[in-house]
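> Supplied in structure tokens, the structure appears directly below.
The values are calculated or read from the model by the stated rules, or taken from the named source; none is laboratory data. As the structure is a prediction and not an experimental result, all values here were calculated from the model. For neighbour counting, all protein chains shown are included, and Cβ atoms are generated from backbone atoms with ideal geometry for every residue, glycine included. Calculation scope for accessible area: heavy atoms of the full protein, side chains included, ligands and nucleic acids excluded. Shrake-Rupley method; radii C 1.70, N 1.55, O 1.52, S 1.80 Å.
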There are 4 protein chains.
Amino acid sequence: MARVRASLERQGMMATLGVELVAVGRGRVEMALRHDDRFTQQHGFLHAGAVASVLDSACGYAAYSVMPPDASVLTVSYTINLLAPAAGQRFTMTGQVVRAGRTLVVCRGEAFADGAGRPFAVMQATMTALYDRPGVSG
Amino acid sequence: MARVRASLERQGMMATLGVELVAVGRGRVEMALRHDDRFTQQHGFLHAGAVASVLDSACGYAAYSVMPPDASVLTVSYTINLLAPAAGQRFTMTGQVVRAGRTLVVCRGEAFADGAGRPFAVMQATMTALYDRPGVSG
Amino acid sequence: MARVRASLERQGMMATLGVELVAVGRGRVEMALRHDDRFTQQHGFLHAGAVASVLDSACGYAAYSVMPPDASVLTVSYTINLLAPAAGQRFTMTGQVVRAGRTLVVCRGEAFADGAGRPFAVMQATMTALYDRPGVSG
Amino acid sequence: MARVRASLERQGMMATLGVELVAVGRGRVEMALRHDDRFTQQHGFLHAGAVASVLDSACGYAAYSVMPPDASVLTVSYTINLLAPAAGQRFTMTGQVVRAGRTLVVCRGEAFADGAGRPFAVMQATMTALYDRPGVSG
């Protein structure tokens, strides 16, 4: 969807990380990220913060995709579990709406390395819709 | 402590974000981060992922500071609540050990903008100590 | 505050657990719970669910204490870390507001056994204020 | 599996709540709970603490079902999102292993009311295996 792409292009963080928007559907977003030495932790694997950033955005845009056109999306909170080191070359991150209420939308995120079938990180995120904030969109 | 600084210097992510290690004590670490357009979300504020990355590292090193010398530290999971947009020029992030067990250490993180007294983000994190992993240190 | 007490008295769960309201201040609530074999887990300690129930209520009422008079309070989500078994006779649970926004209030909960200085469980909770729900109060 | 049932029968909390073990498979457990005025919150719905208790046990036993025979299971932490009030007569709670490591097992829990297809609560839980604790089993 165009407005997800437009919003994503305004995120300096996603551009810096080199994130690719792979797919956007109603209530589901998939993004990809490549290994980069600029975003590693002390053992040489991708830093949890980079993984969390992209999962957070994938969940946020999944929520945004089911919100009314005049809404903006903001992250309220999320929990991330890191199940294994982020070892690999290309990481796929999905965000999926679990349930959407009037203002709060709960999403689930999963991160996969190099096409593995089991996630190496999972997220449970709470997003909120904002309305009538001049200068705030996306 | 020297080993916290040594480990931090091996984190590509922290160097990329320009993170400064402000203080390290036993069970407590403080880091600082400046606003940078490369790390923003779609509304121009610092991306939650950048905030979470630094809080995660502050909590991780707070945990590391109470672990035995031969341990490495890894993030198991964390929950972050974003209480207000990350609006400001300089952000201070603290990590504090709540309780340390044999392998698991629970920490609390708080993020402050421009010297404000109330945090704009809080984290509850679970860290684990790893032993006997050749090639893994810090 | 009277309305916290009135709401608490309508909670069947708190009556069943035998919860005592120890103190209520603006943004802070303290409750107490006694060990009871009806609420144990398989090793004979208090079940995490009993601990979480009381911490959740303490956080909920801490949030409620800073909400407008016509608001009701509902739990959006919480994260609980269990740092040690709930071993003891009397457990004190505190809920404290970290930051209150227009509709969302973030709280921190801590559980102590028999007057210990360190918590055996900690919670980070997100509460929401509800308005204009006929038949819903407290 | 017999050992899940044996452990569950030692949980005073599950007996008090009247929890029924519906199904146990490798890495997946389903439990059921009926509405009971003894376990309500102030609006007459089932208290989040009751919901969380059963989801926590479902996740714990799902984790236990993939652990070695000599292990005990303990909850490290969980995050629960309450997506709608627990309104209904019978609640089904499922726990499912997402990924099992050497000592930590991450699970996902979902709670459904009266056979609804969408969950009214979701959980992301971290469980740990304990070994060699005399007097601790299950």
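> Keeping all protein chains in position, work out how much accessible area residue D:8 exposes to a 1.4 Å probe, and write it in Å² to the nearest 10.
Near enough 20 Å² of accessible area.
> Compute, for the range B:1-55, the length of the dipole vector about the Cα centre, with Cβ point charges of +1 (Lys, Arg) and -1 (Asp, Glu) only. Units Debye, rounded to 20.
Roughly 280 debye, rounded to the nearest 20.
> Still on this structure: Under a GNM of chain B (C-alpha, springs under 10 Å), which listed residue has the highest mean-square fluctuation: B:63, B:125, B:48?
Fluctuation is largest for B:48.
> Would you check the accessible area of residue C:76, probe 1.4 Å, heavy atoms only, in square angstrom rounded to 10?
10
> State, to one decimal in nm², a quarter of the convex hull surface area for the C-alpha atoms of chain B, i.e. the direction-averaged projected area.
On the way: hull surface 31.2 nm².
The Cα convex hull of chain B, projected and averaged over all directions, gives 7.8 nm².
> Just want to confirm a number: the relative contact order over chain D, from Cα pairs under 8 angstrom separated by 6+ residues, in percent.
25
> Suppose only helical runs count, i.e. DSSP H with n ≥ 4. What mean residue ellipticity at 222 nm does that imply for chain B under -39500 (n - 2.57) per run, divided by all residues and rounded to the nearest 500 deg cm²/dmol?
About -6500 deg cm²/dmol.
> Here is a further query. On the principal axes of its Cα set, how long, how wide and how thick is the range B:44-108? Give whole Å, largest value first.
41, 18, 16
> Separate question: Å³ per residue of the Cα convex hull, for the range D:23-73?
Looking at the range D:23-73, the number lands at 73 Å³ per residue.
> Over the range B:8-138, give the accessible area per residue in Å² for a 1.4 Å probe, as an integer.
35
> Under a GNM of chain D (C-alpha, springs under 10 Å), which listed residue has the highest mean-square fluctuation: D:15, D:71, D:100?
The residue with the greatest mean-square fluctuation here is D:15.
> Same structure again: Summarise the partner chain shielding of B:116-122 as one whole number: the mean count of Cβ atoms from other chains within 10 Å of each residue's Cβ.
Per residue, the average neighbour count from other chains is 2.
> What does the average come to when, for each residue of peptide A:5-14, you count the partner chain Cβ atoms lying within 10 Å of its Cβ?
Per-residue shielding by partner chains comes out at 5.
> Ranked by accessible surface with a 1.4 Å probe, highest first, in what order do A:37, C:56, C:114 come?
Highest to lowest solvent-accessible surface, that is A:37, C:114, C:56.
> What is the Cα centroid distance between the range A:27-55 and the range D:88-124, reported in whole angstrom?
Centre-to-centre distance over Cα atoms comes out at 27 Å.
> List the residues of the range D:39-54 for which accessible area in the full set of protein chains is at least 40 Å² lower than for the chain on its own; 1.4 Å probe, protein heavy atoms only.
Output list: D:42, D:43, D:47.
> Tell me, what % of the accessible area of chain D is carbon and sulfur with a 1.4 angstrom probe? Show your work: numbers first, answer last.
Working: 2510 of 5030 Å².
Carbon with sulfur: 50 percent of the solvent-accessible area.
> Rounded to a whole number of µm²/s, how large is the Stokes-Einstein D of the protein assembly as shown at 10 °C and 1.306 mPa s, given Rh as the Kirkwood radius over C-alpha pairs? Mind showing how you got there, number by number?
On the way: Rh = 23.3 Å.
Here the translational diffusion coefficient equals 68 µm²/s.
> So for chain D, taking the charge dipole from beta-carbon charges (+1 Lys/Arg, -1 Asp/Glu), which of D:15, D:27, D:88 sits furthest toward the positive end?
Farthest towards the positive end: D:27.
> Follow-up. Across peptide B:94-102, what mean number of C-beta atoms from other chains lies inside 10 Å of a residue's C-beta?
Mean number of neighbouring Cβ atoms from other chains: 2.
> For chain D, take the longest principal axis of its alpha carbons; what is the angle in degrees between that and the long axis of helix D:48-64, to the nearest 10 within 0 to 90?
Approximately 30 degrees, to the nearest ten.
> Placing a label point 7 Å from Cα toward Cβ, how far apart in nm is residue D:89 from its equivalents in the other copies, listed shortest first to one decimal?
Computed spacing set for this position: 4.5, 5.8, 6.5 nm.
> Next question. Given a cut-off of 15 Å, what percent of all Cα-Cα pairs of the range B:87-131 lie beyond it? Each step should come with its number before you reach the end.
Values: 484 of 990 pairs.
For the range B:87-131, the share of Cα pairs beyond 15 Å comes to 49 percent.
> About the Cα centre of chain D, how large is the charge dipole given +1 on each Lys and Arg Cβ and -1 on each Asp and Glu Cβ? Please answer in debye to the nearest 20.
Details: 13 positive and 10 negative charges, 64 e Å.
Rounded to the nearest 20 debye, it is 300 debye.
> Right, here's the next one. Most fluctuating residue of A:101, A:60, A:27 in a GNM of chain A with Cα springs under 10 Å: which is it?
Highest fluctuation of the listed residues: A:101.
> Total accessible area buried between chains C and D, 1.4 Å probe, in Å² to the nearest 100?
About 2700 Å² of accessible surface is lost on pairing.
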